[in-house]
Each structure stands twice: as C-alpha cells, then as structure tokens.
1. Just to check your reading of the model, which residue among Thr162, Thr93 is modelled with pLDDT of 85 or more and of a type in the set (S, T, N, Q)?
2. Can you name the condition, by its number, that Leu88 falls short on among (1) closer than 20 Å to Met153 by Cβ; (2) at pLDDT below 85?
3. Checking Asn99 against (1) closer than 19 Å to Leu23 by Cα; (2) out of contact with any helix residue (DSSP H, G or I) (no Cβ under 6 Å at 6 or more places or on another chain); (3) surrounded by fewer than 20 Cβ atoms within 10 Å (Cβ to Cβ); (4) not aliphatic (A, V, I, L, M), only one condition comes out false. Which one?
4. Go through (1) loosely packed, with under 11 Cβ neighbours inside 10 Å; (2) modelled with pLDDT under 80 one by one and return the number of the condition His115 breaks.
5. Mind checking which residues of the range 9-30 are polar (S, T, N, Q) and at pLDDT 85 or above?
6. Any idea which of Leu86, Leu47, Leu110 is over 24 Å from Cys130 (Cβ atoms) and either under 16 Å from the mean Cα position of the chain (by Cα) or surrounded by fewer than 17 Cβ atoms within 10 Å (Cβ to Cβ) (or both)?
7. Evaluate the following for Val20: is it over 13 Å from Ala100 (Cβ atoms) and in contact (Cβ under 8 Å) with a residue 24 or more places away in the chain?
8. Where residues in the range 123-159 are of a type in the set (Phe, Trp, Tyr) and modelled with pLDDT under 90, which of them is least open to solvent (accessible area, probe 1.4 Å)?
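The values are calculated or read from the model by the stated rules, or taken from the named source; none is laboratory data. Remember, predicted model here, so these are calculated numbers, not experimental data. With ideal geometry, Cβ positions are generated from the backbone for all residues, glycine too; neighbour counts draw on all protein chains shown. Accessible surface areas use protein heavy atoms only, side chains included; no ligands, DNA or RNA. Shrake-Rupley method; radii C 1.70, N 1.55, O 1.52, S 1.80 Å.
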Amino acid sequence: DSEHVRSVAPDRPGTNKGQVEWLNHCLRYLQWASEAPELQKVITDFLALPTKQATDLIFEALYEKVLGHFNEAGGEEEPNHGIDNLVLLDYQTNRSYKNAVFAVKRHRILSLDRHGIFVPVCTRNVFLKCYNPRIEHLVFWTQEDSDGYRQVMIDTLHKFFTGGSLYE
C-alpha cells in the first residue's frame, strides 16, 4: 500500500470520529515525547467536548495549530502526491494512523521495526532520514528530505539502467 510521508492536508478528517482519532494519535505522540504541554491541553479540552459542541470550526483551528507545531502547515500549496513523498507499507499499518503528521508516522514505523515487524527497507530509511546528508529536524519531513529521497531513486535507477555499480 502506498503511503504519503508528509500528510496531505486536503485529506483532513471530516467526521467527528475521524477528528477524534487523528487528535488522539497526535496527543499520544506529544505525551510520549513530553512535548508541547499547552497544545496537549487544547487537544484534551477538544476531546472532552460533547460531540455536538466539537464543531468543524473549532477542529479546523486546532488542526492548523497541530500542523503548525509539527511544521506541516502548508497553506495553499498543492498536496505532494509525487514519488518523493511516497513509501510502501502494509495495508493495516497504513490505515492504522490515517493522515497522521510525520512525527506520529515516524514513531509508529520505528516502533514496528524495533518489535521485529517487517517494514520495507526504503520506507524504514525514509523515516530514519537516511537520504538527507544534513538532518536538521528529525520529526519534520522537509523539502530537503524529499529532494534527497528523490535523488537517491534517480541515481539508483540511472546506475541500474546504465550498468553502473549500485554500491559506489
């Protein structure tokens, strides 16, 4: 199953159930990382609201705040469906966290790998950020990460089709 490395903003959760699930993933990560206690509180407050009060308008503001925290607030830019933003995962893992932010996905993928559950090598390498020689933000998928990932694919395919060594 193909998976976006960086979440695709237009695919934001549209139902209250989806919103709650997405926020719970983010909250668990923030709690695990002991990060952003004020954001944790805002998320917890939203999750405590009765369904009728947890409106799309309130969620929209919180969604943007969470994306901003994880450096994924993309504004009006087009979603990246290119190969430099895609990895392979098993169907169940891919569907388990929906459209989570990179940090949540990274935590989940590395946890699976630590527990001996198969993660395709290139997918693991993407979430370990092996394709960017200069890692500045471990929990954000940056344009530089994307560019490095794409370049490794181009180099590998070029070497394969021209008979060059893949191990240079």
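1. Answer to the selection: Thr162.
2. (2)
3. The one condition Asn99 does not meet is (2).
4. Just one mismatch for His115, condition (2).
5. Those that are polar (S, T, N, Q) and at pLDDT 85 or above: Gln19, Asn24.
6. Leu47
7. Yes, satisfied.
8. So the residue we want is Trp141.
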